[in-house]
1. For labels at A:Met1 and A:Val225 in the simple 7 Å Cα→Cβ model, what's the distance in nm?
2. With the Cα gyration tensor of region A:82-186 giving a ≥ b ≥ c as the square roots of its eigenvalues, does the rule (a/c under 1.5 for rounded; else a/b larger than b/c for prolate; else oblate) give rounded, prolate or oblate?
3. In region B:131-177, which GluC sites (Glu not before Pro) are in a loop and have at most 16 other Cβ atoms within 10 Å, using DSSP for the loop call?
4. Enumerate by residue number the trypsin sites (Lys or Arg not before Pro) in region A:55-117 meeting two conditions: DSSP loop (anything except H, G, I, E, B), and at most 14 other Cβ atoms within 10 Å of the site's Cβ.
5. Residues in region B:188-208 near a label at B:Gln88, defined as backbone nitrogen under 16 Å from the 7 Å Cα→Cβ point?
6. With runs of 4+ DSSP H residues as the only contributors, calculate the mean residue ellipticity of the protein assembly as shown at 222 nm using -39,500 (n - 2.57) per run, divided by the residue total and rounded to the nearest 500.
7. Count the lysine pairs in region B:6-236 that are 8 or more places apart or on different chains: how many have C-alpha atoms under 18 angstrom apart?
8. Give the nm distances, rounded to one decimal, from A:Asn5 to the matching residue in every other copy, measuring between label points 7 Å along Cα toward the beta carbon; shortest first.
2 protein chains.
Amino acid sequence: MKKTNVLYQHGTLALLVPGLLAGTITLKELMEHGDTGIGTGEGLNGEVVIIEGKPYQFDSFGHANLLKEDFTLPFANAHFSAYQSIGQLTGADSTKFAAAGLNNRPNSNTFFSILAKGTFSYIKTRAVVKSERPFDTLAATAKKQSIFEAHDVQGTLLSYYSPELFHGAAVAGYHNHFIADDLSIGGHILDFQIKQAKLFKQVFDTLEQHLPVDNQEFMEHDFDVDGDLGEVISKAE
Amino acid sequence: MKKTNVLYQHGTLALLVPGLLAGTITLKELMEHGDTGIGTGEGLNGEVVIIEGKPYQFDSFGHANLLKEDFTLPFANAHFSAYQSIGQLTGADSTKFAAAGLNNRPNSNTFFSILAKGTFSYIKTRAVVKSERPFDTLAATAKKQSIFEAHDVQGTLLSYYSPELFHGAAVAGYHNHFIADDLSIGGHILDFQIKQAKLFKQVFDTLEQHLPVDNQEFMEHDFDVDGDLGEVISKAE
């Protein structure tokens, strides 16, 4: 039976910080844990969005690529979709979106996902440029990102919310990816404005945090030398 | 099939800090996730040690109580035992024990458990005194603990190691509970000296973090008012 109460996470955001960017899970393995998700490829190869079982990568050239099962990822989230409608938003920026997802509370103590489906009057995304071995750090890689913008786009915003306590393992607060219906734009969201969208929410009671224990570089890395992981992640994400 | 690669955790250490001490999982539910584990009862009611499927509570009066299925816990770890022998220790304090568990590396980036079975020349444990509603904070409760000491005791030390990144959700580093073979002493370990013990290790690639989402107090609590959770946990644990 597919567990719809579980958010699966492979890797941590912390391991991206020093550039532990080896792909340590295949897309096939990831999708055993969900039909919906986000992530990035080996070497921070673009931005992955999985919706309704279809895994797309938005690369730094602005292309949308349907991914094959053997694509590997250093970091990803996935879950089995069982969203509930929570209404709709008209003329909303990221602040209004955040408040709606949180039922106007300041924060949440558990993980949840939000889908916003509709028309976006503005969307700004980024896709990182794939780094080759030896991999760059997250801060260096984030400087080499491509930025994309569009107006009046139909599409889906897929967001995961993580409690503050798990910052470092995940990004505290919302982590938003986008996919346009016509695949003309997508990736990691930097800014957006909703014209009109239906909102759907799915609350998780469990984080299944999987770590790449077979990756020697990860297992032997000394994270103490990477400085304040939380701060680096907040800046890069 | 029992997953021996998974460490299950119900609740977080962070939720104990402000005194969210309601029992939010039954022992029966917990033991669906393992035959081995540690935890505490509602209101920080003693220290729980589960070994080979037998759940014991060491209470603040120094009694060892075999627990019933309906006993509830605000925080617990559990896993299915599949330990591998990693040798033995003779005349070892906590520093030597820590190094042996880590293969003499400074730290680990994944979760693991250690069992030390043998004779302890010294053992010092604590069991907290059950707090009634409205529950005390962790710092206040930790001041009302009972301390127990013994020399030349046969028993088992059950330890869980959590990576630094997960401090707050868990206790970073080792979290050690003890159970004497004759049940004469047990609980949360404050200090110990191994005379001679066999060591066993089990490495996990997954943390299954379960949160008490049906508990309104937890879900509505503002953890921002609790100060530096990591610091409070380090002091109390």
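1. Rounded to a tenth, the inter-label distance reads 4.8 nm.
2. Verdict is oblate for region A:82-186.
3. Filter output for region B:131-177: B:Glu132.
4. Sparse-neighbourhood loop trypsin sites (Lys or Arg not before Pro): A:Lys68.
5. Inside the label zone: B:194-201.
6. Dividing the helical sum by the residues of the protein assembly as shown leaves -3000 deg cm²/dmol.
7. Taking the Cα cut-off of 18 Å, the pair count is 21.
8. With the label placed 7 Å along Cα→Cβ, A:Asn5 yields 2.3 nm.
Values in this text are rule-based calculations from the coordinates and carry no lab data. What you are looking at is a predicted structure, and each value in this text was computed from that prediction instead of being measured. When we count neighbours, we look across all protein chains shown, and the Cβ atoms used for this are built from the backbone with ideal geometry, even at glycine.
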